[in-house]
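Just so you know, all these numbers are worked out from the coordinates, no wet-lab data involved. Every value quoted in this text rests on a predicted model; they were computed, and no experiment measured them. Reconstructed Cβ throughout: ideal geometry from the backbone, glycine too, with neighbour counts over all protein chains shown.
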Amino acid sequence: MPLCISELSQNTEQLAKSAAMLGSTEEDMSLSRTLSHLSDVTSKVSQLHADQADVDFYVISELIKDYVYVIQSIKVCNTFLVITFLV
């Protein structure tokens, strides 16, 4: 999931750059301002997507770490059970 959001962020950033280029070459001032504003907004959206990808990656990595700790705890408990039954 974070990889998809990261790719979305990169593609949105490319859209922002393309809109900025179109805005800078456009002769009509109204359309040029609109394309410039579109470029600014898509750039901000791209940054939001990148931030969300980072947060999602952190949450998933913390969840996996917690699962690993649970599995390690279960292994320790099983080891103590085996030792208890052998004694």
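In terms of packing, defined here as the mean over residues of other Cβ atoms within 10 angstrom, the peptides 23-36, 58-71 line up highest first as 23-36, 58-71.
Across every direction, the projection of the convex hull enclosing the Cα atoms of the chain has a mean area of 5.8 nm².
Would you work out which of H49, V76, L8 lies farthest towards the positive end of the dipole of the range 2-86, given +1 charges on the beta-carbon of Lys and Arg and -1 on that of Asp and Glu, about the Cα centre? The residue sitting farthest along the positive end of the dipole is V76. Taking 0.36 nm per residue of separation and subtracting the current Cα-Cα distance, fully stretching the chain between D56 and N78 would add 4.6 nm. Once you keep just the Cα pairs under 8 angstrom separated by 6 or more residues, what percentage relative contact order results for the chain? Value for the chain: 34 percent. Per residue of the chain, the DSSP helices (runs of n ≥ 4 H) give a summed -39500 (n - 2.57) that works out to -35000 deg cm²/dmol at 222 nm.
With +1 on each Lys and Arg Cβ and -1 on each Asp and Glu Cβ, how big is the dipole of the range 2-86 about its Cα centre, in debye rounded to the nearest 20? Each step should come with its number before you reach the end.
Values: 5 positive and 11 negative charges, 94 e Å.
Computed about the Cα centre, the dipole is about 460 debye.
Working from label points 7 Å from Cα in the Cα-to-Cβ sense, the Y67 to S18 distance is 3.7 nm.
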